[in-house]
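Presented below is the structure to which this report refers.
The values are calculated or read from the model by the stated rules, or taken from the named source; none is laboratory data. Source: prediction; values computed, not measured. Reconstructed Cβ throughout: ideal geometry from the backbone, glycine too, with neighbour counts over all protein chains shown.
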Amino acid sequence: MPETHSPTIEDVLTAWGEEVQEGPSNVGSLMRAAGSRAAGPMLFLPALVMVSPIGAIPGVPIVLTTVIVLVSVQVLAGASSLWLPDVLVRRGIPEDKVQKIIDWLRPKAAWADRYLGRRLAFLAGGAMARAIAGLCMVLAVLVYPLTLFPFAVALPGGAIMLLSLGLLTRDGVVTLLGLSLAGGAIWAGLTVPL
């Protein structure tokens, strides 16, 4: 899926903060901040929330995982813009926690933006975007049963976050880190007794 603009991590966080201040703090604010055409940010923000303290709120990982699955399916299908059902778009996220996370992450994002990008770019764009979306979908499906265990969603959520961060920054090294974490997440997800 072609992107007309490659936002930085700080751009995405700033846009999300503005969306939350101007309107309701919900999944729709994530979508508006990410942009309806950008697969990287649309996968990155839900994964970021999933591995943050907000992800420990009961029900939040399920909603975010569903967003990731729906976005991944659309990227795999080659959709020119991304869509989410209204019931998900309206799902609330605690505004005070969102602002704290954004404020805490913004300086780290500025640092990361200086150092990430354009390394092994062939692993972070073009046809790889669809392969990464497919892997993100597999990882997201693993999250559903893992929500039964405290903090177990952090491993697949972290892998999705790194894979989508690779797409967002066009950094294949980050993608490789995400692939290695994804391998661990899939192994753990398949070996955890339910």
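Scan the range 53-65 residue by residue and report those that are touching a Phe, Trp or Tyr at 6+ places or on another chain (Cβ under 9 Å) and modelled with pLDDT of 85 or more. Give the steps one after another, and end with the answer.
Residues of the range 53-65 touching a Phe, Trp or Tyr at 6+ places or on another chain (Cβ under 9 Å): 55-56, 61-62, 65.
Listed by number, the residues that qualify are PRO61, ILE62, THR65.
To keep it simple, each residue is scored yes or no on (1) of a type in the set (Ser, Thr, Tyr); (2) over 16 Å from the mean Cα position of the chain (by Cα); (3) assigned to a helix (DSSP H, G or I).
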site	(1), (2), (3)
LEU13	no, no, yes
GLU18	no, yes, yes
GLY28	no, no, yes
MET42	no, no, yes
THR66	yes, no, yes
LEU70	no, no, yes
ASP96	no, yes, yes
LYS100	no, yes, yes
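When SER81 is tested against (1) among the small types (Gly, Ala, Ser); (2) more than 21 Å from THR175 (Cβ to Cβ); (3) modelled with pLDDT of 85 or more, only condition (3) is not met.
Take GLY178 and tell me if it is within 23 Å of PRO58 (Cα to Cα), touching a helix residue (DSSP H, G or I) at 6+ places or on another chain (Cβ under 9 Å), of a type outside the set (Val, Ile, Thr) and crowded, with 21+ Cβ neighbours inside 10 Å. In short, no.
Taking the numbered list (1) at pLDDT below 90; (2) closer than 21 Å to ALA124 by Cβ; (3) in a helix (DSSP H, G or I) in turn, ALA47 passes all entries but (1).
Restricting ASP113, ASP103 to residues that are under 14 Å from ILE9 (Cβ atoms) and charged (D, E, K, R) narrows the list to ASP113.
If you go through the range 74-94 and keep only what is surrounded by fewer than 14 Cβ atoms within 10 Å (Cβ to Cβ) and farther than 18 Å from GLU19 by Cβ, you end up with ALA77, GLY78, SER80, PRO85, VAL87.
Being modelled with pLDDT of 85 or more, small (Gly, Ala, Ser), over 23 Å from GLY184 (Cα atoms) and not in a helix (DSSP H, G or I) is not true of GLY117. Residues that are of a type in the set (A, V, I, L, M, F, W, C), modelled with pLDDT of 90 or more and buried (at least 22 other Cβ atoms within 10 Å of the Cβ) do occur in the range 137-150.
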